[in-house]
Amino acid sequence: MTGKHIIITGPPGSGKGTQAVRIAERLGLRHMSTGDLLREAVAAKTELGLKAADYMTRGLLVPDDLMLGLIREELGADDGRGWILDGFPRTLPQAEALSDLLESNGIGIDNVVQIDVDPGVIVKRVEGRRVCGECRAVYGIATLPGGEKAGCPKCGAPLIKRSDDEEETILRRFNVYREQTEPVLDYYRKRGGKFVAVNGNGDIDDITAEIIRALK
Ligand code: AMP
C-alpha cells in the first residue's frame, strides 16, 4: 500500500515548508518542495534555474509551462512512499494539470492542508528567516541558539537570507498568493476530499500536532 498524497499550501512565511518537512518525517512521506527544487536549479545554473531565477527574485510565479515540466519529472520518480507536495499547485492551470497527471497514474489527493497567517506576522517572520546554504534547514533568527553568526545548528554551514525575503518582495509574494493561489483552494474544496485548515500564527509544535491529528 502506498502512503498518503497530501498538498500543503499557505502564504509566504506561513511555515508551510517547515510543517511539510515535519509531516513528511512523521508519516514517512517523500517531501517535494517546488521552491527548494527551483533554488537548487538556480544554484546549479541549469536551464530551468536560469529561466526561473529572475521571477523568483522579484517575488513572481515561475511560468506554468516550466513548473509543469518540473512536476512531471518529480512525479515520474515516485517511490511509492506517498508524498507531501509543498508549493505546488500555485495556479488554477497547475491544479488542473496536476489532476490530469495524477488521474492517469491512478493517484488521488488524500488531503489539502492550508495554513493561514496574518500579514503582519508574515512580514516579521520572513524578515527573520534564514536558510542553511548547505543542508537547506530553515530557522528564525529569534530562536537560533548560538545566534545567526554561529551558523547552522545542524551542519555548521553559514546561514543566508533568501533573496526573495526582503519586505517589498514579501508583500508582492503575499499579493500573488491572494490573487493566483487562493482560487486553487476553492478548486479543491469543490472537488471534495479532506480539507484541513489550520491557524499558523501559533507555536510550531502545536501546529504540527494539529495537522497530524487532522490527517489521521
Ligand atoms: P517557496 O519556497 O514555496 O516560497 O517558493 C519560492 C519561489 O519559487 C516562489 O515565490 C516562486 O517564485 C517559485 N515557485 C515555487 N513553486 C512555484 C509554483 N508552483 N509555481 C510558480 N512558481 C513557483
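Every read-out reported here was derived from the displayed coordinates using simple, explicitly stated rules and does not represent laboratory data. Note that the coordinates shown come from a computational prediction; the quantities given were computed from them, not determined experimentally. Here Cβ is always computed from backbone atoms with ideal geometry, including for glycine, and neighbour counts include all displayed protein chains.
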Checklist entry - Which of LYS124/LYS149; LYS16/LYS149; LYS16/LYS190; LYS4/LYS124 have a Cα-Cα distance over 29 Å? => result LYS4/LYS124
Next on the checklist: Under 5 Å between amide hydrogens, which residues at least 5 positions from ALA157 or on another chain qualify, with H placed 1.01 Å from N in the peptide plane?
Outcome noted: CYS152
Checklist outcome for this item: Kirkwood-based Rg/Rh on the Cα set of the stretch 119-216 evaluates to 1.04
Next on the checklist: Just to be sure I understand: if I project the alpha-carbon convex hull of the stretch 136-184 onto a plane and average over all orientations, what area do I get in nm²?
Outcome noted: 4.6
Checklist entry - How big is Rg to Rh over the stretch 72-155, alpha-carbon atoms, Rh as the Kirkwood inverse-mean-distance radius? => result 1.09
Checklist entry - If we sort 122-133, 41-52 on the protection proxy, mean other Cβ atoms within 10 Å, highest first, what's the order? => result 122-133, 41-52
Checklist outcome for this item: Of 86-92, 153-159, ordering from highest average Cβ density within 10 Å down gives 86-92, 153-159
Checklist outcome for this item: Row for the chain, column shape: gyration tensor on C-alpha, a ≥ b ≥ c, rounded if a/c < 1.5 i.e. under 1.5, prolate if a/b over b/c, else oblate; value rounded
Item to check | Under 5 Å, built H, 5+ apart or other chain: amide partners of VAL113 | outcome: ILE7, ILE8, THR9, VAL196
Next on the checklist: Given N residues in the stretch 1-117, what is its alpha carbon radius of gyration divided by 2.2 N^0.38 Å?
Outcome noted: 1.03
Checklist entry - What share of the DSSP beta bridges in the chain is antiparallel, in percent to the nearest 5? => result 20
Checklist outcome for this item: the chain: relative contact order from alpha carbon pairs under 8 Å, six or more residues apart, as a whole percent, is 29
